[in-house]
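The values are calculated or read from the model by the stated rules, or taken from the named source; none is laboratory data. All figures in this text were calculated on a predicted structure; none of them were measured in a lab. As a convention, Cβ positions derive from the backbone with ideal geometry for all residues, glycine included, and neighbour counts pool all protein chains shown. Areas reflect the complete protein model, heavy atoms only, side chains present, ligands, DNA and RNA absent. Shrake-Rupley method; radii C 1.70, N 1.55, O 1.52, S 1.80 Å.
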Amino acid sequence: MQISGAEILVRCLQEEGVEFLFGYPGGAVLEIYDAIFRQEKFKHVLVRHEQAAVHAADAYSRSSDKVGVALVTSGPGATNAVTGIATAYMDSIPMVVISGQVATPAIGLDAFQEVDMVGITRPCVKHNFLVKDVNDIADTIKKAFYIAKSGRPGPVVVDIPKDVTQQRAEFHYPESVHIRSYVPATRGHPGQIKKAINLLLEAKRPYIYVGGGAVQGNAAAEVTELVKSLGLPCTNTLMGLGAYPGSDPQFLGMLGMHGTYEANMAMQYCDVLIAVGARFDDRVISVPSHFLSQPKKIIHIDVDPSSISKRVKVDVPIVGDVKHVLREMLDILRQSGQKPDAQHLANWWKQIEEWRGHNSLLYTPSTELIKPQYVVEKLYEITGGKAIVASDVGQHQMWAAQYYKFDSPKQWLNSGGLGTMGFGLPAAMGAQLANPDATVACITGEGSIQMNIQELSTCKQYHTPVKIVALNNRYLGMVRQWQEFFYGTRYSESYMDALPDFVKVAEAYGHVGFKIENPSDVEPVLREAFGPALKERLVFLDFRTDQSENVFPMIQNGKGLDQMDLPPHMRDVQQVPFENNRDYGNMC
Amino acid sequence: MRHILSILLENEAGALSRVVGLFSARAYNIDSLTVSTTEDPTLSRMTIVTHGSDEVIEQITKQLNKLIEVVKVIDLNESEHIEREMMLIKVRATGKDREEMKRMADIFRGRIIDVTEKTYTIELTGTSDKLGAFIEAIDRAVILETVRTGASGIGRGERVLKI
Ligand SMILES: Cc1cc2nc3c(=O)[nH]c(=O)nc-3n(C[C@H](O)[C@H](O)[C@H](O)COP(=O)(O)OP(=O)(O)OC[C@H]3O[C@@H](n4cnc5c(N)ncnc54)[C@H](O)[C@@H]3O)c2cc1C
Ligand SMILES: Cc1ncc(C[n+]2csc(CCOP(=O)(O)OP(=O)(O)O)c2C)c(N)n1
Ligand SMILES: [Mg+2]
């Protein structure tokens, strides 16, 4: 029996096990919306802005093992989706975005609501398709899901002209896909794996640096086993948080621009580094030449060869899926029973403990002003460290990363690569739908929340009782901090004036709101918001925090990992032993 | 250093712009680019001449391989290869220049493929260097128009680039 292209599309999504479709209708997708109306297998979530549909689909992927799907109309619907697509692309998140397109005969004629979606998104998708024939829809959707989730994951856009959704064809969903030009690696090269193990066993100061690839690749268990069996110190990137338990003593905290003192010093002064699904980002290692000025051997496991030796030349590249590669390493280690030299390792840990002893995340508590760090600490306590935390972008994001100890992967959702303000609320919504029983918090700023605040309405409609923890400093705080440090405190346009009354905003959308101004109220209000009475409600917590608080440590542009700006209590520590003693080899 | 990359890619709409887009988005150089279908109508073969440090060329190769429609990439510089480019050049050929142009075309093994009272159009094939040398060798003032295909390359001997 022949059915319409729109019906074929809907059937494809059903075959893929899609639960939620995040979208917004418009002329080019009316046929598809009609087909959605006539089915019951998946639920459509009507957002209030297409950007939010894409963030929600993205977070649905980030917080589960499934692939989020968004649907937008042509023209403005499609362009509104682009920020969300680029956000997922930069963080390698699997996602399928379906966009409507004007009818094929109209393409290229500057038709109403026509944009070249395939052209616009080409640089920020893993792949995209324009479907010109109704007979290609099923095949294309199958490929789109396969490409999105295999290898290095990423968003895939499928642009479908309106006439193609109206034409009719037989529906047949392919069982498997084969793309001759796309064969992602899985197993690592055995010879390279051996080399890596030997390097790790011979190391005096080994270190493991784990990134988003371990989260996406579901390799947290393998990472943990490797760290435990070799007694390694471990750090995570912002995207890797949760891949190794944040509350474990072998975890040194996040590294990078706002990483802990110990995590960054260990990165600089290790002698063998194993990078697992992490891409030596500029916010992590800063200046490559400074990073390499301390000699070290580097092992790099990544499924994408182009991530390897991109910014830093590595000694042992292993192209493969983290989970596979780590399993093979663990098998070999188990059989041989070998361990790194205990004495060297003990010396290394002694050094690390000395660094850690400075407690670089210590902040000055206050009884007058609410310290943002304190709010995150209390949130961690009150949620038992178990909440899914979605974040926006800014200082609050860094405090969330530093003070909430994520023990599980997929618990921490944030836009790292693109740094998209406005990600938080739609992301929290998508994560809540993917994990209906979980406690979901959105840590945000008064700047970021206003970039997608309209989604409070969507949250109401679909009963997603997320808890919004706004660290409201009345500043675009991250911008203000840079202006304080680098632009002589000239706070150009970083002050947020004429803020709305967020409690009233929340109430207007049918939610619950609290404004918290005293440190002593932080804990009781958090308890109430996360307590049983408000379990089913979205709660907006407007914490009026210390306006002048800065994020420490901080590595300034152009500085090295051991040249951090440290918090006030560490000003005399600086990175002294190493500035004058490059020959660190003698110290252990 | 100058490199010649040979690329096999799916003969699909949009594949070419993906390759070109990659070069501009990542600020890689394209000195020349040629593309056409092969004996297998589902495949196109592209030759890109580029230049950059070893690290940049390594990244270019990896990034090209990452494109879904790219089937294979080889850097012809890695082994012996043959490179050819074709140029059509229209020159003023009057008076004593007419004889001189004919002589130069012969020296460079070019062929005169179109003649008018005042002009010759010469077809010249060779390495890009050779075509450059011809342009250098003749008087700039007589050149009316040049059009070059950009280099195509193929491995020497029995090595082939196939799927
Ligand atoms: C305000 C702000 C401040 C920031 N400060 C910091 C900071 O202090 N520290 C920090 O770390 N980041 C920071 N970032 C984030 C930073 O910009 C990068 O997004 C982040 O560091 C990249 O993390 P990653 O290296 O884990 O790579 P990801 O972007 O997560 O990339 C994952 C890598 O793993 C690979 N991969 C994916 N799946 C697999 C698999 N199955 N098997 C093998 N490999 C796989 C991919 O190919 C890729 O190379 C900040 C961002 C913002 C917005
Ligand atoms: C869409 C977008 N625009 C601009 C920026 C630049 N930017 C990064 S952080 C920041 C300030 C964020 O302010 P707020 O949400 O209040 O968070 P705070 O830093 O105060 O915690 C800005 C403007 C961005 N990351 N994203
Ligand atoms: Mg703020």
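Taking the stretch A:96-105, which residues are open to solvent by less than 30 Å² (accessible area, probe 1.4 Å) and within 13 Å of A:Ser74 (Cα to Cα)?
If the condition is that a residue be open to solvent by less than 30 Å² (accessible area, probe 1.4 Å) and within 13 Å of A:Ser74 (Cα to Cα), then A:Val97, A:Ile98, A:Ser99, A:Gly100, A:Gln101, A:Val102 are the ones that fit.
Quick one: which of A:Ala185, A:Ala203, A:Ala221 is away from ligand 1 (no atom under 16 Å from the Cβ) and outside the structural domain of A:Lys66 (by the TED database)?
A:Ala203
How many residues are within 18 Å of the chain's Cα centre (by Cα) and farther than 27 Å from A:Ala387 by Cβ if we restrict to the stretch A:242-276?
Looking only at that region, the number is 1.
Pull out all pairs, ordered by first then second residue, where Cβ-Cβ is under 8 Å, the residues are six or more apart or on different chains, the first lies in the stretch A:369-386 and is among the basic types (Lys, Arg) and open to solvent by 10 Å² or more (accessible area, probe 1.4 Å), and the second is modelled with pLDDT of 95 or more and in a helix (DSSP H, G or I).
Note: pairs meeting the criteria are A:Lys371/A:Pro519; A:Lys378/A:Val522; A:Lys378/A:Glu523; A:Lys378/A:Leu526.
Hey, does the stretch B:67-74 have a residue that's away from chain A (no Cβ under 14 Å) and at pLDDT 95 or above?
Looking for residues that are away from chain A (no Cβ under 14 Å) and at pLDDT 95 or above, one finds at least one in the stretch B:67-74, hence yes.
Considering (1) within 14 Å of chain B (Cβ to nearest Cβ); (2) in contact (Cβ under 8 Å) with a residue 24 or more places away in the chain, say which one A:Val164 fails and leave the rest.
(1)
With a cut-off of at least 3 residues that are within 16 Å of ligand 2 (Cβ to nearest atom), name the helices (runs of 4 or more DSSP H) lying wholly within the stretch A:450-551.
A:477-486
Does the stretch B:86-114 hold any residues that are part of a loop (DSSP other than H, G, I, E, B), over 21 Å from the mean Cα position of the chain (by Cα) and surrounded by fewer than 18 Cβ atoms within 10 Å (Cβ to Cβ), and which are they?
Scanning the stretch B:86-114 gives a single hit, B:Thr94.
For B:Lys162, all conditions in the list (1) surrounded by 15 or more Cβ atoms within 10 Å (Cβ to Cβ); (2) within 14 Å of chain A (Cβ to nearest Cβ) hold save one; what is the number of the exception?
Against the list (1) surrounded by 15 or more Cβ atoms within 10 Å (Cβ to Cβ); (2) within 14 Å of chain A (Cβ to nearest Cβ), B:Lys162 comes up short only on (1).
Can you name the strands (runs of 3 or more DSSP E) wholly within the stretch A:162-264 that have at least 2 residues being closer than 26 Å to A:Gln294 by Cα?
Of the strands (runs of 3 or more DSSP E) lying wholly inside the stretch A:162-264, those with at least 2 residues that are closer than 26 Å to A:Gln294 by Cα span A:206-210, A:234-236, A:251-254.
Identify the residue in the stretch A:299-332 that is more than 25 Å from A:Tyr269 (Cα to Cα) and more than 16 Å from ligand 1 (Cβ to nearest atom) and, among all such residues, is least open to solvent (accessible area, probe 1.4 Å).
A:Ile332
If A:Asp159 passes every condition in (1) open to solvent by 20 Å² or more (accessible area, probe 1.4 Å); (2) of a type outside the set (A, V, I, L, M, F, W, C); (3) within 14 Å of chain B (Cβ to nearest Cβ) but one, which one does it miss?
Tallying (1) open to solvent by 20 Å² or more (accessible area, probe 1.4 Å); (2) of a type outside the set (A, V, I, L, M, F, W, C); (3) within 14 Å of chain B (Cβ to nearest Cβ), A:Asp159 fails exactly one: (1).
Among the listed residues A:Gln461, A:Gln432, A:Gln450, A:Gln481, identify the single one that is at pLDDT 95 or above, under 23 Å from A:Glu517 (Cβ atoms), in the same structural domain as A:His396 (by the TED database) and more than 14 Å from ligand 1 (Cβ to nearest atom).
Among A:Gln461, A:Gln432, A:Gln450, A:Gln481, only A:Gln450 is at pLDDT 95 or above, under 23 Å from A:Glu517 (Cβ atoms), in the same structural domain as A:His396 (by the TED database) and more than 14 Å from ligand 1 (Cβ to nearest atom).
Among the numbered conditions (1) more than 10 Å from ligand 1 (Cβ to nearest atom); (2) buried (at least 23 other Cβ atoms within 10 Å of the Cβ), tell me where A:Val284 comes up short.
Of the numbered conditions (1) more than 10 Å from ligand 1 (Cβ to nearest atom); (2) buried (at least 23 other Cβ atoms within 10 Å of the Cβ), the odd one out for A:Val284 is (1).
So that you can scan it fast, the table gives a plain yes or no per residue for (1) loosely packed, with under 15 Cβ neighbours inside 10 Å; (2) over 18 Å from B:Lys66 (Cβ atoms); (3) more than 11 Å from chain A (Cβ to nearest Cβ):
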position	(1), (2), (3)
B:Ser6	no, no, yes
B:Glu10	no, no, no
B:Ser17	yes, no, no
B:Ala27	yes, no, yes
B:Leu33	no, yes, yes
B:Pro41	yes, yes, yes
B:Ser44	no, no, yes
B:Val49	no, yes, yes
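Just give me the residues in the stretch A:338-357 being surrounded by fewer than 16 Cβ atoms within 10 Å (Cβ to Cβ) and assigned to a helix (DSSP H, G or I), in sequence order.
A:Ala342, A:Gln343, A:Ala346, A:Asn347, A:Lys350, A:Glu353, A:Glu354, A:Gly357
If a residue has to be among the charged types (D, E, K, R), surrounded by 14 or more Cβ atoms within 10 Å (Cβ to Cβ) and part of a helix (DSSP H, G or I) to count, how many in the stretch B:73-85 make the cut?
Qualifying residue count for the region: 0.
List the residue pairs whose Cβ atoms are under 6 Å apart, where the first residue sits in the stretch A:395-406 and is farther than 14 Å from A:Asn550 by Cα and open to solvent by less than 10 Å² (accessible area, probe 1.4 Å), the second is modelled with pLDDT of 95 or more and away from ligand 1 (no atom under 13 Å from the Cβ), and the two are 6 or more positions apart or on different chains.
The qualifying pairs are A:Tyr404/A:Val376; A:Tyr404/A:Tyr380; A:Tyr404/A:Val389; A:Phe406/A:Gly246.
I need every pair where a residue in the stretch A:331-355 that is within 30 Å of A:Asp572 (Cα to Cα) has its Cβ under 9 Å from the Cβ of a residue that is assigned to a helix (DSSP H, G or I) and at pLDDT below 95, sequence separation at least 6 or different chains.
A:Asn347/A:Met587; A:Gln351/A:Met587
Being under 30 Å from B:Asp139 (Cα atoms) and modelled with pLDDT of 95 or more narrows it down to one of B:Met87, B:Met1, so name that one.
Result: B:Met87 is the single residue among B:Met87, B:Met1 that is under 30 Å from B:Asp139 (Cα atoms) and modelled with pLDDT of 95 or more.
Under 6 Å between Cβ atoms, which residue pairs at least 6 apart in sequence (or on different chains) link something in the stretch A:443-464 that is under 16 Å from A:Val47 (Cβ atoms) and of a type outside the set (Val, Ile, Thr) with a partner that is within 16 Å of ligand 1 (Cβ to nearest atom) and open to solvent by 30 Å² or more (accessible area, probe 1.4 Å)?
Correct list of pairs: A:Met451/A:Met421.
I'm trying to understand the selection: among the residues of the stretch A:334-361, which are of a type in the set (A, V, I, L, M) and more than 13 Å from A:Pro206 (Cβ to Cβ)?
Listed by number, the list holds a single entry, A:Leu361.
Could we say that A:Gln51 is surrounded by fewer than 23 Cβ atoms within 10 Å (Cβ to Cβ) and in contact (Cβ under 8 Å) with a residue 24 or more places away in the chain here?
no
Kindly establish whether A:Asp116 is open to solvent by 10 Å² or more (accessible area, probe 1.4 Å), more than 30 Å from A:Asp65 (Cβ to Cβ) and away from chain B (no Cβ under 13 Å).
For A:Asp116, the condition - open to solvent by 10 Å² or more (accessible area, probe 1.4 Å), more than 30 Å from A:Asp65 (Cβ to Cβ) and away from chain B (no Cβ under 13 Å) - is not met.
Hey, A:Ile449 hits all of (1) open to solvent by 10 Å² or more (accessible area, probe 1.4 Å); (2) within 10 Å of ligand 3 (Cβ to nearest atom) but one; which does it fall short on?
(1)
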